Amino acid sequence: MIEFENVTKSFGETDALHEANILIEDGDFVFLVGPSGAGKSTFIKLILREINADSGRILVDGQDITRFSNRQIPKLRRDIGMVFQDFRLLPHKTVFENVALAMEVIHATQRTIKRQVPQILSVMGIEDKADEFPDHLSAGEQQRVAIARAIINNPKMLIADEPTGNLDPDTAWEIMQLIDIINRRGTTVVMVTHAKDIVNRMGKRVVAIDHGHIVRDSVGGEYGYDD
Amino acid sequence: MIKNLFYSLKQAFIQMWRNRGMTLASLFSITAMLLILGLFFFLTVNVSFMTESVKEQFDTIEVFLEDSTSYEEAQTMMESLMALDDVSNVEYISKKQAMAEFKERWGENGYLLDGLSENPLPNSLRVTLSNLQGGELTASICRNFIGVEDVRYYQTEINKVLAISDALQKAAMVIIIFLVIVSVVVVSNTVKLTVMARRDEIMIMKYVGATNWFIRGPMLAEGMLIGMISAVISLGIIWALYEKMVEMLGDQAFVLFSTTFVETEFMMFNLVWIFLALGLSIGAFGSIISMRRYLNEA
């Protein structure tokens, strides 16, 4: 569960987010839409505590993360899986090692890692790519690796920052179906996107941000504006 | 804790192998720096060792007495000399003793001196100085005694030796400091390149919830391993070089400076600790300093 209570974050003169209030329940699937620079990235960075709010409270699972010390941040991030537009895989590590990294961070044993990584890779349909380096994979395959890394520790939330931005429409739709499956298994999904047809086709909750304000929050909503 | 250590070491070895080029570059720069440092270290230690032994040999003033000076008069001189702060000992050397010493120094050819009808050597006082700085003053006091024929004191020679060794040691210190600065810059730049290449890695690790120490551990281990390997390599090279030099030049050094080189074992025993400490800390500080910026970013 994510709850923003009157959250304001400004950079210099401009408010990237102004008195924002939002409640995202466990198991929700939320699209975050809005023009570039509207405050979507700020929203995500606040949840991850990459930046901290100027005022207001941000509750993640009931805990006010604006009051977290730097030592508590790693713990917070272990409950959140992150997927990016540019995949952010380590080029010098194999697919297996890239996914295993997320488990090593939480000090999983090598036995557990060797058992679970192949499982998740096969769920993602890339079990035969385990020993490849990311450069040798297609964009869609790379995003599957990134998603595998994001969910291998069973996080409560998956945050995706334009996960389909670098993919062709067919591949993008495949990735969306994977994310939908993850959501159906109980993981809360927050996805920033500019992909109008994906938002319209999925028919999920849509939160629109513009100039730091939440201008619309509708269940089963449409993308709703032209870029 | 132990698991972290193993993880760090394992990752360090993997990274060192995958970034062979960088690893080699760091190894080379640290090794080169330690080598040059080591050479200057040996130079300073040897120079100060030689200076000490030269000082020891020249810390006496010889006061030759006129034949008319009685033993009682000599005793008075000795007492007043002993009262001086810079004098540690005064010894009376009779004609006979002087001749015996002379013969001994001539060794096998000593019998030649037996042909002398009369002992030409004077009675003398041998004044041992506790402080070389007071040598000139003491010598002039000796010259002013009545009944003294001549005073021999190698002041200029000593001063030259002292001046040379002083200059050498100062130059060596300046060069060592300069080298340390240069090498720290070189090493931290090398490490910075490695870390810059791993900037994304650090960021990604932070996103999946890695603690700072989890990220720092392997890089710290890597830096320290590289430092340690460099220390071992340069120790080996220096050991071989020094032993060779002592072997080849040891005898000449004795003739030239009437002293030997400091023993290899003694030098190496000290250098092992200095180098290991230097190598480890350069590696550790290099990685921590260059990582700090990126660790605090995300």
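The values are calculated or read from the model by the stated rules, or taken from the named source; none is laboratory data. Just so you know, these numbers come straight off a predicted model, no measurement behind them. Heads up, the Cβs are rebuilt from the backbone with ideal geometry, glycines too, and the neighbour counts pull from every protein chain shown.
Could you please find all residues in segment A:178-196 being over 18 Å from A:Asp28 (Cβ atoms) and either in a loop (DSSP other than H, G, I, E, B) or without any contact (Cβ under 8 Å) to a residue 12 or more places away in the chain (or both)?
A:His194, A:Ala195
Quick grid of which residues meet (1) modelled with pLDDT under 85; (2) surrounded by 15 or more Cβ atoms within 10 Å (Cβ to Cβ); (3) part of a loop (DSSP other than H, G, I, E, B):
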residue: B:Met22; (1), (2), (3): yes, yes, no
residue: B:Thr31; (1), (2), (3): no, yes, no
residue: B:Thr76; (1), (2), (3): yes, no, no
residue: B:Asp85; (1), (2), (3): yes, no, yes
residue: B:Ser88; (1), (2), (3): yes, no, no
residue: B:Tyr92; (1), (2), (3): no, yes, no
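Considering segment A:69-107 alone, what residues qualify as being small (Gly, Ala, Ser) and without any contact (Cβ under 8 Å) to a residue 24 or more places away in the chain? Give the derivation first.
Just the residues of segment A:69-107 that are small (Gly, Ala, Ser), to begin with: A:69, A:81, A:100, A:102.
Passing the criteria: A:Ser69, A:Ala100.
For segment A:1-120, please list each of the strands (runs of 3 or more DSSP E) lying entirely inside it that holds at least 2 residues being more than 14 Å from chain B (Cβ to nearest Cβ) and either β-branched (Val, Ile, Thr) or surrounded by fewer than 21 Cβ atoms within 10 Å (Cβ to Cβ) (or both).
Ranges flagged: A:2-11, A:14-24, A:29-33, A:55-60.
All but one of (1) closer than 28 Å to B:Asn4 by Cβ; (2) without any contact (Cβ under 8 Å) to a residue 60 or more places away in the chain hold for A:Glu132, so report the exception by its number.
So A:Glu132 meets the others, but not (1).
Check segment A:193-207 and report whether any residue there is surrounded by fewer than 21 Cβ atoms within 10 Å (Cβ to Cβ) and under 15 Å from the mean Cα position of the chain (by Cα).
Yes, that holds for at least one residue.
Residues to consider are B:Asn159, B:Asn212, B:Asn119; find the one that is within 14 Å of another protein chain (Cβ to nearest Cβ) and either in contact (Cβ under 8 Å) with a residue 40 or more places away in the chain or more than 30 Å from A:Asn154 (Cα to Cα) (or both).
B:Asn212
Output the number of the condition that B:Glu157 fails; it satisfies all remaining conditions of (1) in contact with a Ser or Thr (Cβ under 7 Å, 6 or more places away or on another chain); (2) closer than 28 Å to B:Met78 by Cβ.
All conditions pass for B:Glu157, except number (1).
Just the residues that are in contact with a Phe, Trp or Tyr (Cβ under 7 Å, 6 or more places away or on another chain) and of a type outside the set (Val, Ile, Thr), please, taken from segment B:153-175.
Once the filter is applied, which keeps residues that are in contact with a Phe, Trp or Tyr (Cβ under 7 Å, 6 or more places away or on another chain) and of a type outside the set (Val, Ile, Thr), segment B:153-175 yields B:Tyr154, B:Glu157, B:Ala172.
To keep it simple, each residue is scored yes or no on (1) closer than 24 Å to B:Leu35 by Cβ; (2) buried (at least 17 other Cβ atoms within 10 Å of the Cβ).
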site	(1), (2)
B:Leu112	no, no
B:Leu129	no, yes
B:Gln133	no, no
B:Ile146	no, no
B:Arg152	no, no
B:Thr156	no, no
B:Ala167	yes, no
B:Met203	no, no
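Residues B:Ile181, B:Ile164, B:Ile175: which one is at pLDDT 80 or above and under 23 Å from B:Gly227 (Cβ atoms)?
Exactly one of B:Ile181, B:Ile164, B:Ile175 is at pLDDT 80 or above and under 23 Å from B:Gly227 (Cβ atoms), namely B:Ile175.
For A:Asp26, work out the one condition from (1) within 18 Å of the chain's Cα centre (by Cα); (2) free of Cβ contacts under 8 Å to residues at least 40 places away in the same chain it doesn't fulfil.
Every listed condition holds for A:Asp26 apart from (2).
Would a scan of segment B:204-216 turn up a residue that is at pLDDT 75 or above, closer than 26 Å to A:Met103 by Cβ and in contact with a strand residue (DSSP E or B) (Cβ under 7 Å, 6 or more places away or on another chain)?
Looking through segment B:204-216, at least one residue is at pLDDT 75 or above, closer than 26 Å to A:Met103 by Cβ and in contact with a strand residue (DSSP E or B) (Cβ under 7 Å, 6 or more places away or on another chain).
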